[in-house]
Each structure stands twice: as structure tokens, then as C-alpha cells.
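Following: one structure in C-alpha cells, then a few remarks.
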Amino acid sequence: MKKFLPQKLSVSTLIHIALISIIIIVFVISAIKLLMWDSSAEEIPVETFDFNVSNTEPEDYYYSVDINTIENYTDDGELHIVMLGDDSLKDYSDGSGIPALVSKNTNAITYTCSFPDMTMATQNMEFDVSHGYDAFSFYYTALCISKNDYTFLHDVLPTLPQTARIADYENALSTLENIDFNAVDILVLSCGAQDYLKGYTQVNSIFPEAYISNSYVDSIMQGINWIRAEYPQIQFIIMSPTYCYYMEEDGTHVNCDEKKTADNGTLTDYMIAAKSAAVTLNTTYLDNLRGIDISAENAPNYLTDSTTYPNAQGRKLIADKLSNTISQKIYDTGE
């Protein structure tokens, strides 16, 4: 009987057969995986996933200065801490303010310089008295500290709307100008919530060769450089804001992790921008947005009615973290 044998296949035919086989195999595997995925999706409903949970680790950064390397500086044996910032650093008569709690935890002498709704940056690149609040930004306040001259702030103060908050400006300014910064060991800076809420520019893209006051990052860097040039012994701790809400024009509150303001930035973007400045400056940075247990799920328990600043419970969380940073991370008590 004659046997029918296949003819010898050309190389090109073999290649085509191989490619078709690979395509079939890939198709079969994909189909199987699709069926498996669909089956698991039915077993675990989508609504059981919590999309608000973030696995992001805190962006804390620690930097300690050896004061023995500071020329012409003598340690007086006391820990002096200046608290400069917005309403998050206010003093409270019941002792629940962050400065009072830190003083209690660390035995430090603390000075409270809390300007209402203080920002890092300014609204205007050039100062305009029609928006006098710019004078009390960190940018201009740092300049006054470096010069030990607060005339500018005194001159602008009467131009602000004469509300009940004027007393808070006056008290903070009075404290500030009576501090001997030659004896200050640590300056804690807590601003940023208002920069985000007001939509101030994060990064200077207009004049990259110079620091400008209406840039969030520039104001941090310029301000610290000004103070550090005159008082090299001071260690800085920049604290990011805690979780807060953005209020829309219709009064609704929006998650700060979702709402983007200027530069398409959420509060997280501002937090990361500030950390970049801190690292560049060799300055300690505390991420209170991710490193403090205040989130979309529990914010009402830790924020004041303003929905921006922490209440007594929230302030304690911040003070404990700050105290631990001072005592165990950056300040050597010599004990």
C-alpha cells in the first residue's frame, strides 16, 4: 500500500505555523485568566474595597545639627523653642495648645508666635498694602527676624481689617520681637494649610534664578536661609498641615486628598513640595498629613468647627509626635 507522506515544509511555512501556534496559546491563556478574574470578582463585591485607604508611608525627614560645630556659640543648657505659624499653634487657656504640651513633654521654654491663618507664601509678588496679610507670611516674618527689626510688621498692622483677630496679631508680634534669637535652639514652623486653601503657587516657574515671595517652596527656602544666616545654631522643624477640608463656594466640604487648587495640587502635593525644600535645606520635616492619624474617616473627631485646624485631641497627636522628634531625633540633652 502506498503511504502518503507529508511533503517537506519550507522554512517560511514553519515560521508561519509557529507564529499561529503562539497566538493561539496566548489567546487560550488570556481567556482562562479572564474567566478566573471574572469568577473572583463575583466572590468579592467591589463595594467591599475601601478606596480611601492609603498605604503611603509618612514623609518624615530628620536632620540633626551638632551645636558644638557652631562657631562662637555657647549652649546655655536650656532648650528654647519658637513656635511660628498659623492657628494650629495657638495657645489655649486649658493648656491644650501645642506649645504648652511640648513644653510639658520636653521641659523646654516655648514661645508662641501664631498669626491668624498665616501662610508660607504671599498673594502678591510685590507687597501691596491693600493685601496687608502678606506682611505676616513666613516670607516677610523671616526677613524681619533675620534683621531683628519688626518695624515693617508694626506699620502694616493698622491697615488690616480691625476685627477681633487683631489682638492675636498683636500678641504674636509682641512675643516675636521680644525673643532673643541668639538663645533659640529650635524653630518650629507650622504653615501650609492656607497656602493650599488659597491656591498659592507651589513652585516658582517664572524666575527660577531667584526666590520669589509668592511661591510656596521659595518662601520656605528663602525664609530659612535668611534666619539661618544670622542664627546658625537654630535647628528648624517644618510641620505639614494635618488632614483638612476644602470648602466649596456652595458650602460643601471636599476631601483635601481629592480637591486640587493651584498648580493642580492637592494638599498631598503641597506636603511633598515642602519636604523637597526641607531635604534641600537639611531641615527636619514632619509629615502630619500621613504621619498623624487624622483622615477622611475620622476627621470630624480631630478638627475644630473651622474644619481646617486640629482640636484638642488633634493637637495632642501633633504635640506628642513633635515632642518625640525633639527629644529622641534631633536634640541632644546631654543626659
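Which entries of Lys90/Lys329; Lys198/Lys275; Lys259/Lys316; Lys275/Lys329; Lys198/Lys321 have Cα-Cα distances beyond 29 Å here?
On the way: Lys90/Lys329 24 Å; Lys198/Lys275 20 Å; Lys259/Lys316 27 Å; Lys275/Lys329 17 Å; Lys198/Lys321 27 Å.
Over 29 Å apart, Cα to Cα: no pair at all.
If I take every Cα pair under 8 Å that is 6 or more residues apart in the range 67-330, average their sequence separation and divide by the length, what percent do I get for the relative contact order? If you can, show how the numbers build up before the last one.
Details: 459 pairs, mean separation 55.7, N = 264.
Rounded, it is 21 percent for the range 67-330.
Provide Leu84, Leu101 in ascending order of the number of other Cβ atoms located within 10 Å of each residue's Cβ, fewest first.
Listing Leu84, Leu101 from fewest to most nearby Cβ atoms yields Leu101, Leu84.
Of the GluC sites (Glu not before Pro) in the range 158-246, which ones lie in a loop per DSSP and count no more than 15 other C-beta atoms within 10 Å? Present the calculation step by step, with values, prior to reporting the outcome.
Working: sites: Glu170, Glu177, Glu209, Glu230; in loops: Glu209.
In loop regions of the range 158-246 (DSSP not H, G, I, E or B), the sparsely surrounded GluC sites (Glu not before Pro) are Glu209.
What percent of all Cα-Cα pairs in the range 67-330 falls into each 5 Å bin, going from 0 up to the bin containing the maximum distance?
1, 6, 13, 18, 20, 19, 13, 7, 2, 0, 0, 0
Apply 1/(1 + (r/R0)^6) to the Cβ-Cβ distance of Thr159 and Ile70, taking R0 = 30 Å, and write down the FRET efficiency to the nearest 0.05.
Values: r = 39 Å, r/R0 = 1.29.
My answer for the efficiency is 0.20.
Once fully extended, how much extra length lies between Glu248 and Glu230, figured as 0.36 nm per residue of separation less the alpha-carbon to alpha-carbon distance?
Fully extending the segment from Glu248 to Glu230 adds 2.3 nm.
What ranking of Ile212, Ile166 emerges when the number of other C-beta atoms within 10 Å of each C-beta is taken as an exposure proxy, fewest first? It would help to have the intermediate numbers written out before the result.
On the way: Ile212 18, Ile166 14.
Sorted ascending by nearby Cβ count, the order is Ile166, Ile212.
Go ahead and run the numbers for FRET between Val129 and Asn171, Cβ-Cβ distance against an R0 of 22 Å, rounding to 0.05.
On the way: r = 22 Å, r/R0 = 1.01.
Once the sixth-power term is evaluated, E becomes 0.50.
Each value in this text was obtained by applying a stated rule to the coordinates, not by laboratory testing. Model, not experiment: these values are computed from the prediction. Counting neighbours? That spans all protein chains shown, and the Cβs are built from the backbone with ideal geometry, glycine included.
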